[in-house]
Protein chains: 4
Amino acid sequence: MAQRQPHTVLLTGFDPFGDDTINPSWEAVSQLHGETIAGRCIVSEQLPTTFAGAPRALRAALRRHAPELVLCVGQAGGRAALSLERVAINVNDARILDNAGAQPVDTPVVARGPAAYFTSLPIKAMHADLHAAGIPAEISQTAGTFVCNQVFYVLMHALAGTRVRGGFLHIPYLPQQVATMPGTPSLDLDTVVAGLRISIDTALRTRRDLRIGAGATH
Amino acid sequence: MAQRQPHTVLLTGFDPFGDDTINPSWEAVSQLHGETIAGRCIVSEQLPTTFAGAPRALRAALRRHAPELVLCVGQAGGRAALSLERVAINVNDARILDNAGAQPVDTPVVARGPAAYFTSLPIKAMHADLHAAGIPAEISQTAGTFVCNQVFYVLMHALAGTRVRGGFLHIPYLPQQVATMPGTPSLDLDTVVAGLRISIDTALRTRRDLRIGAGATH
Amino acid sequence: MAQRQPHTVLLTGFDPFGDDTINPSWEAVSQLHGETIAGRCIVSEQLPTTFAGAPRALRAALRRHAPELVLCVGQAGGRAALSLERVAINVNDARILDNAGAQPVDTPVVARGPAAYFTSLPIKAMHADLHAAGIPAEISQTAGTFVCNQVFYVLMHALAGTRVRGGFLHIPYLPQQVATMPGTPSLDLDTVVAGLRISIDTALRTRRDLRIGAGATH
Amino acid sequence: MAQRQPHTVLLTGFDPFGDDTINPSWEAVSQLHGETIAGRCIVSEQLPTTFAGAPRALRAALRRHAPELVLCVGQAGGRAALSLERVAINVNDARILDNAGAQPVDTPVVARGPAAYFTSLPIKAMHADLHAAGIPAEISQTAGTFVCNQVFYVLMHALAGTRVRGGFLHIPYLPQQVATMPGTPSLDLDTVVAGLRISIDTALRTRRDLRIGAGATH
């Protein structure tokens, strides 16, 4: 008799971009590959930091794993905390070249797609649980206009109308990336990985998000 | 015989909020009231910093003046440059009380409205012209989740489907507001007013925005 | 019969350095040249931004004008307020080349000079009067280790044992310098010049400084 | 036959101050108590965060341990890297109350002491070795005007004229201290402790400091 597939959580991270030789997002999510959290199996996939390749790789991973929940993770150099992203917007505006040398300016992520998608993860509950565990965390109102935002938008567009939930989390530099950049915040890998575990666990257990103010005046 | 109304540009600013006794947005836009820019007459209106009152006051001003173009201006304490806002999102999430004591958390600005609206102003051309004039300016990917974002969203919702263009501009503190707050940037009123004049002039003269990269990696 | 010389206040500013084409310190102090403040005549002199030339030029100006009070002014790109410097230290450590291509590392400003000199200006009273006038101001515990600190140290070394008082003030970028540098604070020239007038007036009128806490925890 | 005492390195950290319940400086140095680094025994002592008590406790520890080298460590909330302090200045100026409720303003640390003391540790070599190990580190030109600077000054005053070397290191908040303070940098305890080991090892092995530029323009 056929056995039911265990439910799967898909985590994604990026390859290094620009001058960096590592990408903390991949360092972190690859550590969780194969773990079980709240009874679900974690699978981690790497996405290329390219406007052309990342959406393709994400859609392939969604087909391959048919996940119950998806958390895409990216590096936000300069931020000091885990950033739970609230909204993905339908625009690419690249200040720098991506890893394939592309630099789209003011193009839509998805032609004729809606202007934005909100996350379907319970980010306020995740925020509260991260704080309770002593892990620096914040709600962010923008995921930028580079490949991270594109992946977040593509994810939410793909999940729209399904029961699969998804969202995006930005993480700071690792300490070794900022060793010679005084003033630039970092967070060590153990703290990031612990934060990802809590985020996933809370997301899986929470159906109705909390209503706790965590907005920005501007 | 009836004379045609001169075309009008509507500027809005806010009353002071929180502990502040002035609001630089009103100080700036009120200086431009009655001026003519690129052949249009500027009218300036003050909006209350309240979730209940601001949309009502904005809609009344739109009816009263039937403007050709609208620029709403608000204070973004802590920013160092004129911030041309790219997108308004359909959520209120107040970290602090508004001037009426209200503090909505994760409510929509407009029930069943789209997740976001993009500005219809040529913000890249405005950005370029501000830089050419030596005025600190940036493109911003978030107007926050307080009354400023709400007004921006309500504006774009009201203008949707019309030929009237509109957008939102955040401005820094004035120097006197930060006299005792070391490290907090400010911009003097003359520079802000000069920047508003350029912004309006460029917006009126530019039908098709420039494509110049000014995005954010995150 | 010989008439007594009016008492003189010496102001100094620097020529532009690095990639900058103007130096706000010279823009500001040159505006005050020839003014009378509290009955004293202001003379402004430009110093070169070089480790070799600045001390020479400063000493020559001291001889030429025999001032009653000296305020040296320099640019502190990235600061948001007028910075009243508390202390000059006896070390040069240049992270970048000066305008003559020199880059001393860990050399003394004055061989066998004391480790540091405190300002002899009443910086707490100046601080209070700037705040009362609504001008952003702070007490700073370090003038760096470049030409500004060198000039400050050379000044205090020259004045040691005399009744002439002196000190150093750092000022932010001008708005036009940061037009394309989002996030970097600036202060307009009128505010800086107004702040210099108040600083000089207070320094001349105050013999015994106020005791108001304005230190740093680190 | 008498055995020679093993040489000792004295580390100090502070008790928590203000609203904090832990002080990362004590968390870090207490972990190293009893370790051997480069053949020397590490002893760690806690100092109270009070202007009255800290000098007394430091002097007692110096007498008790007769160390070969001393490194005092303190928290610098808001900094992102290990800060190797270059200079201690002879002034107390407390912006906040110390743990005993005292708040000296513009008093000398040591009456008739010199204006400042430079560290006698090879901070450039330590800086280079920390960077080589991937640990965020910077040279700092000011230790503030609170108890940390006072302890640093008292230390250098006590060591003046002896062959014992000493200095001060500021460390960031721990992640759990900034969990709810978005934007505020932190560094985890393991990274700090690893950085302290390297700092001590390099200090013990380096007699003549490197000459590598690491100054500040202001």
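The values are calculated or read from the model by the stated rules, or taken from the named source; none is laboratory data. Fair warning: this is a prediction, and the values are worked out from it, not measured in the lab. Counting neighbours? That spans all protein chains shown, and the Cβs are built from the backbone with ideal geometry, glycine included. Each accessible area value is taken on the protein alone, full model and side chains, heavy atoms only, with ligands, DNA and RNA left out. Shrake-Rupley method; radii C 1.70, N 1.55, O 1.52, S 1.80 Å.
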D:Ala76 fails exactly one of the following numbered conditions: (1) small (Gly, Ala, Ser); (2) open to solvent by 10 Å² or more (accessible area, probe 1.4 Å); (3) within 14 Å of chain C (Cβ to nearest Cβ). What is the number of that condition?
(2)
So how many residues does segment B:3-28 have that are within 15 Å of the chain's Cα centre (by Cα), in contact (Cβ under 8 Å) with a residue 60 or more places away in the chain and not in a strand (DSSP E or B)?
5
So D:Ala194 passes all but one of these: (1) in contact with a helix residue (DSSP H, G or I) (Cβ under 8 Å, 6 or more places away or on another chain); (2) more than 13 Å from D:Leu84 (Cα to Cα). Which condition number does it fail?
(1)
Check on A:Ala88, under 15 Å from A:Asn149 (Cβ atoms), within 14 Å of chain B (Cβ to nearest Cβ) and buried (at least 16 other Cβ atoms within 10 Å of the Cβ)
yes
Could you go through segment D:125-132 and let me know if any residue there is within 23 Å of C:Arg86 (Cβ to Cβ) and open to solvent by less than 10 Å² (accessible area, probe 1.4 Å).
no
Do we have any residue at all in segment B:94-107 that's in contact with a Leu (Cβ under 6 Å, 6 or more places away or on another chain) and surrounded by fewer than 23 Cβ atoms within 10 Å (Cβ to Cβ)?
yes
Residues within segment B:125-138 that are under 20 Å from B:His218 (Cβ atoms) and away from chain C (no Cβ under 12 Å), tallied:
0
In segment C:99-122, how many residues are facing chain D (nearest Cβ under 10 Å) and under 18 Å from the mean Cα position of the chain (by Cα)?
3
Mind checking whether some residue in segment D:97-106 is under 30 Å from C:Ile123 (Cα atoms) and in contact with a Lys or Arg (Cβ under 6 Å, 6 or more places away or on another chain)?
yes
Please state which one of C:Gly213, C:Gly161, C:Gly183 is within 11 Å of chain D (Cβ to nearest Cβ), open to solvent by 10 Å² or more (accessible area, probe 1.4 Å) and not aromatic (Phe, Trp, Tyr).
C:Gly213
Verdict on B:Ala115 being open to solvent by less than 40 Å² (accessible area, probe 1.4 Å) and without any contact (Cβ under 8 Å) to a residue 40 or more places away in the chain
yes
Confirm whether B:Glu35 is closer than 22 Å to B:Leu159 by Cα and more than 9 Å from chain A (Cβ to nearest Cβ).
no
On the given criteria, is D:Leu169 more than 8 Å from every other protein chain (Cβ to nearest Cβ) and open to solvent by 40 Å² or more (accessible area, probe 1.4 Å)?
no
Would you pick out the residues in segment A:160-199 that are within 14 Å of A:Thr119 (Cβ to Cβ) and not small (Gly, Ala, Ser)?
A:Val164, A:Arg165, A:Phe168, A:Leu169, A:His170
Out of the residues in segment C:195-208 meeting the condition of being buried (at least 18 other Cβ atoms within 10 Å of the Cβ) and within 12 Å of another protein chain (Cβ to nearest Cβ), tell me which one is farthest from the chain's Cα centre (by Cα).
C:Ile198
Out of segment C:144-158, which residues are surrounded by fewer than 19 Cβ atoms within 10 Å (Cβ to Cβ) and among the hydrophobic types (A, V, I, L, M, F, W, C)?
C:Ala158
Before we move on, is A:Ala133 under 16 Å from B:Gly213 (Cβ atoms), at pLDDT 95 or above and touching a Gly at 6+ places or on another chain (Cβ under 9 Å)?
no
Quick check on D:Gln141: is it of a type outside the set (A, V, I, L, M, F, W, C), surrounded by 24 or more Cβ atoms within 10 Å (Cβ to Cβ) and within 13 Å of chain C (Cβ to nearest Cβ)?
no
For segment A:29-72, enumerate the residues that are in a helix (DSSP H, G or I), in contact with a helix residue (DSSP H, G or I) (Cβ under 8 Å, 6 or more places away or on another chain) and open to solvent by 40 Å² or more (accessible area, probe 1.4 Å).
A:Gln31, A:Arg59
Segment D:171-209: number of residues that are at pLDDT below 95 and closer than 24 Å to D:Ala125 by Cα:
1
Of all residues in segment B:81-112 being in contact (Cβ under 8 Å) with a residue 60 or more places away in the chain and acidic (Asp, Glu), the one that is nearest to A:Thr142 (Cα to Cα)
B:Glu85
So B:Pro175 passes all but one of these: (1) more than 11 Å from chain A (Cβ to nearest Cβ); (2) crowded, with 19+ Cβ neighbours inside 10 Å; (3) under 16 Å from the mean Cα position of the chain (by Cα). Which condition number does it fail?
(3)
